[in-house]
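One structure below.
No lab work stands behind these numbers, since they all come straight from the coordinates. Note that the structure is a prediction, hence the values are computed from the model and not measured. No Cβ is skipped: glycine too gets one built from the backbone with ideal geometry, and neighbour counts run over all protein chains shown.
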Amino acid sequence: MSTSRIDGDGTIQFGVFFQGVNHTTVWRAPESGSQTDFESFRRVAQTAERGLFSAFFLGEGLRLREHLGRIHELDVAGRPDAQTALAALAAVTTNIGLVATQNTTYNDPADLAHRLASLDLLSGGRAAWNIVTTDNAWTGANFRRGGFLAHEDRYVRAEAFVQTAKAIWDSWADGAIAGSRESRRWLADDAITQVRRQDASFDVEVTGRLPRSSQYHPVLFQAGDSADGRDFAVRNADVIFSRHAGLEQARKFREDIVARTLKAGRPADDVKIFPGQEFILAPTAKEAEEKHQWVREQQVSPQTAIAYLEQFWGRKLTEYDPDGPLPDIDPVVDVTNATRGNAFHGKSARELAAEWRAEATEKGQSIRQFVSQRSVINGRGLVGSYDDVADLLTEYAHSGAVDGFNITPWIVPTGLDDIVNHLVPRLQERGVYRTEYPGTNLRENLGLRAPLTHRRGDLSPARRQESEDVA
Ligand SMILES: Cc1cc2nc3c(=O)[nH]c(=O)nc-3n(C[C@H](O)[C@H](O)[C@H](O)COP(=O)(O)O)c2cc1C
């Protein structure tokens, strides 16, 4: 066995990613609910909890997407602030983790650390922070900063941000608060250490305002796939929300992350991996395939297919037939940024278009067929009968390629029903899925070790020095 492989613990976990801005949530079906109604959030979270999911996960988007200069009206748009929604959900759930995606580019550490610690305490140790740098400089206009920070500088700021947040969380000593009512003083002497951070990103002096939760501080997720993003993750995160869901793809990603994790001085299995994945299930394989076709038609209308390609071509393509081949003309932009908010920002548009044209020709796909398969998270998604998908996930559980899946329901609020009612019991029968929550907080339920700053012995000398410098 090479050093960059790990054996799975033989189980698999689930999280749910309740999306907020996308064209992949079916919103015209009779059972479709609202993206902004609390009832949708409650229903999805409680169903996930009934299915013993580890986490309920929310993304963050600070601006609506814009397409060729206008609001992109083909998106299902509207996303209440993640921390506000999760705080409300904390009151109607008991065990499930509550993960808020929050960026390090526009927030400030003293404020964000406090709000996340508040969610953590109020939910009984169930909060997590999905750290992102966000991929669009144009979002900066919201904050009067214009296009703010180049890609590589964002991870420099993110590193300083997270170090500062951790120092704030760790600034209250264990047992800082008086242990009994008889005590004359609320706080012990030297209970709180002041955090000072002065570097190119921050010049702050912060006093933490809250004691620790039962899981010390919020669990740290990370989403961002560049080499800088991966290195940032292995230095800081407990869990990666990845894009690599196919078994072979996931294995490769795991190997890469394990190699980086070991280099960062952490145990090989210290960083959990949860790829995003869409599940389309039915009693039989044939029914699942039919459902798959229907879901794709709902998600990718002819207009959506054309608008999707326009993002990369940088011009109107309405004269092209959605049921015909990909456009035979070259993009009019050098890099793919015609839709503000697309995930391929900065790639060579010409290269991408040529690559896609070749792929679609080889597979004999029309524009709509190509976009259908391309534009959902991780391509095809997991499509199959309950039994076949349970068998496949059992293979995943034994492979060690992933620790779990962050499921992206294609419909809210009913999108988890068949997973919880039909798939989870089959996974339990196969011995690869929990039958109860193993712990009392998110850190325990995810099977994580203590936070890095609470196990100094495990840190590399360089990291120890760094955390001491901050503290
Ligand atoms: C699976 C996944 C989910 C993401 N979700 C969000 C999100 O909800 N909000 C956001 O601003 N960025 C999100 N991002 C993008 C991150 O902001 C990331 O920093 C961006 O992709 C640029 O970093 P990178 O070049 O390392 O990928 C996500 C990225 C991935 C891989």
How would you rank 282-293, 102-113, 259-270, highest first, on the average number of other Cβ atoms within 10 Å across their residues?
102-113, 259-270, 282-293
For helix 461-470, what angle does its Cα long axis make with the longest principal axis of the chain, in degrees from 0 to 90 and rounded to 10?
70
Highest mean first, how do 299-312, 121-134, 202-215 rank when packing is the count of other Cβ atoms within 10 Å averaged over residues?
121-134, 299-312, 202-215
Considering only the other residues whose Cβ falls under 14 Å of the Cβ of F56, what net charge follows from Lys and Arg at +1 and Asp and Glu at -1?
+3
Using θ = phi - 60° and the Karplus curve 6.51 cos²θ - 1.76 cosθ + 1.60, what whole-Hz ³J(HN,Hα) does each residue of segment 141-151 get, with Gly and Pro shown as x?
4, 4, 10, 6, 10, x, x, 10, 6, 6, 3
Whose amide H sits under 5 Å from the amide H of I280, counting only residues 5 or more places off or on another chain, with H placed in the peptide plane?
L382, V383, G384
Hey, can you grab everything whose amide H is under 5 Å from the amide H of E66? Only 5+ residues off in sequence or another chain; H modelled, so Pro and N-termini drop out.
H72, R340
Please list, in order along segment 290-299, the HN-Hα scalar couplings obtained from phi with the Karplus expression 6.51 cos²θ - 1.76 cosθ + 1.60 (θ = phi - 60°), rounded to whole Hz, x for Gly and Pro.
5, 5, 4, 4, 5, 4, 5, 5, 5, 6
Using amide H atoms built 1.01 Å from N in the peptide plane, name the residues 5+ places from N406, or on other chains, whose amide H lies under 5 Å from its own.
G15, G276, Q277
Please sort by residue number the GluC sites (Glu not before Pro) in segment 1-83 whose DSSP state is loop and whose Cβ has at most 15 other Cβ atoms within 10 Å.
E31, E73
Over the chain: Kirkwood hydrodynamic radius from C-alpha pairwise inverse distances, Å:
23.5
Span per principal axis, largest first, for the Cα atoms of segment 29-170 (Å):
45, 43, 20
On a 25 Å Cα-Cα criterion, which of the cross-link pairs K291/K316; K272/K363; K291/K363; K252/K286 come out too long?
K291/K316; K272/K363; K252/K286
Ordered by number, the trypsin sites (Lys or Arg not before Pro) in segment 4-102 that occupy a DSSP loop and have at most 16 other Cβ atoms within 10 Å are R5, R28, R63
DSSP bridge orientation in the chain - percent antiparallel, rounded to nearest 5
30
